[in-house]
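The values are calculated or read from the model by the stated rules, or taken from the named source; none is laboratory data. Just so you know, these numbers come straight off a predicted model, no measurement behind them. Don't worry about glycine lacking a Cβ; one is built from the backbone with ideal geometry, like all the others, and counts go over all protein chains shown. Ligands, DNA and RNA are stripped out before the accessible areas are found, and what is left, the full protein with its side chains, is counted by its heavy atoms. Shrake-Rupley method; radii C 1.70, N 1.55, O 1.52, S 1.80 Å.
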Amino acid sequence: VDLMSVKRMMEKLGAPKTHLELKRMISEVTGGVSDTISYQDFVNVMLGKRSAVLKLVMMFEGKANESNPKPSGPPPERDISSLP
C-alpha cells in the first residue's frame, strides 16, 4: 500500500490526513524501513493490539454494531413457491 492509497482510504473514512501525517503513519507501520506498507505489515496492523484501523473499517462497513443475532438450528424447510 503506497502513500496515495492510504490518503484515499483515510479520506473515504472521513479522517483526511496531511502528507507528513501519512508519512509518519506508514513509517510507524513499517518501522521506518519502507515507504510502502507490505502485505505482512498490513496484516500485523489489522490484527495487532492497537488495531484502531480495524475498528474504523468495521464501523465503516456497518458491522461493528451488528445487533441481529444469527439464528441457531437448522434452517426452515422451503418449497418451490417460497423461492424468489
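Can you run down the residue pairs with Cβ atoms below 7 Å, 6 or more apart or on separate chains, where the first is in region 22-34 and under 16 Å from S5 (Cα atoms) and the partner is of a type in the set (D, E, K, R) and assigned to a helix (DSSP H, G or I)?
L22/K7; V29/D41; T30/D41
Using beta carbons and a limit of 8 Å, which pairs, at least six apart or on different chains, have the first residue in region 4-19 and part of a helix (DSSP H, G or I) and the second one open to solvent by less than 60 Å² (accessible area, probe 1.4 Å)?
Going by the 8 Å Cβ cut-off, the qualifying pairs are V6/L22; V6/I26; V6/I37; K7/L22; M10/L22; H19/L3.
Exactly one of (1) exposed (fewer than 10 other Cβ atoms within 10 Å of the Cβ); (2) modelled with pLDDT of 80 or more; (3) of a type in the set (S, T, N, Q) is unmet by N65. Its number?
For N65, the exception is condition (2).
Can we say R24 is more than 16 Å from the chain's Cα centre (by Cα) and modelled with pLDDT of 80 or more?
For R24, the condition - more than 16 Å from the chain's Cα centre (by Cα) and modelled with pLDDT of 80 or more - is met.
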